[in-house]
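This report refers to the structure that appears directly beneath it.
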Amino acid sequence: MLEPSSQKPNFLIPQVSPTPAAPLPPMAQPPPPPPPPSLVRTYSGKLLSLLSERPSLRATSEFDSDSRVFFHKVSCKLFDNLASLKLSFINDSKREISEPQLMLTSKYLSIHYDPDEQNALIRTSFDVGPMLNFNVAHDLKAQQGEVSMYASLPSPGFGVQVSSSFPYSGLPRATIRFPMGEVTLEEREEADVLRTLSVKGILRDGFDVFVELQDQAMSFIPSISIPSNAVSFAFKRRLSPSDKLSYWYKLYSNNWSAVYKHTYKKSFKLKAGYDSEVRLGWASIWVGDKNGRARTAPMKMKVQFMLQVPQDDIKSSTLMFRVKKRWDIL
């Protein structure tokens, strides 16, 4: 039989109980997604961006010694190039301003305002698919306009146009176009005559049949015009990458002309020639691309000098020049 322990318990030492296990932390949840941006806030932000952007402003001046007038144009791009505003006017030798014109243009709408006539011409154009185009024009002062629809056909050069004026003045006008001309069906009203349908056609005066024989440096092009049966030929010879000689001869009139052209880095061009039909020799110098814009020319300026020398009166030779300069203000 077990005997009771003779050791007395010590109540001053606290009894240690087993510590319970700490609970596991909950799994981390991803933060909630931000709310989608409001459509009003999105479009208002874009609108404020367009309005706050500084418009680009430029001015172009052109002088022609033959007419002795200055032609000025001031234009600026608006709303991130979505529209453009243009002001043009002529300044003559008496420093008088004439023919002011104000235009606001965009991809689908254009407004042309004439301050002298206090009139505006409004045009709009838009496409419906790749083969259908609509055009609307309205003259505010005359209170007249026209609506037209043009449908291009799969074959190149063929199309059908239907147009009608407003206020309504009769049946729409229909035009069928093809490479050699066009045929129009329209309603006409003449004095003391009831409305009748009229059919008219327009054909080209003629066309040229030509055969071109050429190699890398020379070409010979005989041609005949129908129905006049006028025969002519052209001869072109490239002397070097920057020099070219052209010659035209008309057998039916014995007239001929020749042109020599020298080009240097696309921004400088020298041309000289003679035309037997008007008995005139000439020479011209172009600084800046002749068919390009002033902004791409050196110093954003294009200059042309031309000397004309009549064969029968050399003393009446004329020196003409034309200058076009562009300034980017903003």
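The values are calculated or read from the model by the stated rules, or taken from the named source; none is laboratory data. Owing to the predicted nature of the structure, the values given are computational and were not obtained by experimental measurement. When we count neighbours, we look across all protein chains shown, and the Cβ atoms used for this are built from the backbone with ideal geometry, even at glycine. For the accessible areas, the whole protein counts, side chains as well, though only heavy atoms, and no ligand, DNA or RNA atoms are used. Shrake-Rupley method; radii C 1.70, N 1.55, O 1.52, S 1.80 Å.
Some values worked out for this structure:
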{"item": "Strands (runs of 3 or more DSSP E) (entirely within the stretch 174-256) containing at least 2 residues that are farther than 30 Å from Met149 by Cα and modelled with pLDDT of 75 or more", "result": "218-226, 230-240, 243-250"}
{"item": "Qualifying position, being loosely packed, with under 13 Cβ neighbours inside 10 Å, touching a helix residue (DSSP H, G or I) at 6+ places or on another chain (Cβ under 9 Å) and at negative phi, among Asp313, Asp328", "result": "Asp328"}
{"item": "Selection status of Lys302, within 34 Å of the chain's Cα centre (by Cα) and modelled with pLDDT of 85 or more", "result": "yes"}
{"item": "Total residues in the stretch 257-277, condition within 24 Å of Asp312 (Cα to Cα) and surrounded by 15 or more Cβ atoms within 10 Å (Cβ to Cβ)", "result": "10"}
{"item": "Residue that is modelled with the lowest pLDDT, among those in the stretch 129-154 that are closer than 20 Å to Thr184 by Cβ, more than 22 Å from the chain's Cα centre (by Cα) and hydrophobic (A, V, I, L, M, F, W, C)", "result": "Leu153"}
{"item": "Contacts under 8 angstrom Cβ, first residue in the stretch 268-283 being more than 17 Å from Leu245 (Cα to Cα) and of a type in the set (Lys, Arg), partner open to solvent by less than 40 Å² (accessible area, probe 1.4 Å) and outside any loop (DSSP other than H, G, I, E, B), 6 or more apart", "result": "Arg279/Pro310"}
{"item": "Entirely in the stretch 82-154, the strands (runs of 3 or more DSSP E) that have 1 or more residues that are under 26 Å from Ser169 (Cα atoms) and open to solvent by 40 Å² or more (accessible area, probe 1.4 Å)", "result": "109-114, 119-127, 132-139, 144-152"}
{"item": "Residue tally, condition within 24 Å of the chain's Cα centre (by Cα) and open to solvent by 90 Å² or more (accessible area, probe 1.4 Å), over the stretch 155-176", "result": "1"}
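A quick yes/no check of all residues on (1) closer than 27 Å to Gln304 by Cβ; (2) free of Cβ contacts under 8 Å to residues at least 60 places away in the same chain; (3) under 19 Å from the mean Cα position of the chain (by Cα):
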position: Ser61; (1), (2), (3): yes, no, no
position: Asp64; (1), (2), (3): yes, no, no
position: Arg68; (1), (2), (3): yes, yes, no
position: Phe71; (1), (2), (3): yes, yes, no
position: Leu82; (1), (2), (3): no, yes, yes
position: Ile97; (1), (2), (3): yes, yes, no
position: Met103; (1), (2), (3): yes, yes, yes
position: His112; (1), (2), (3): no, yes, yes
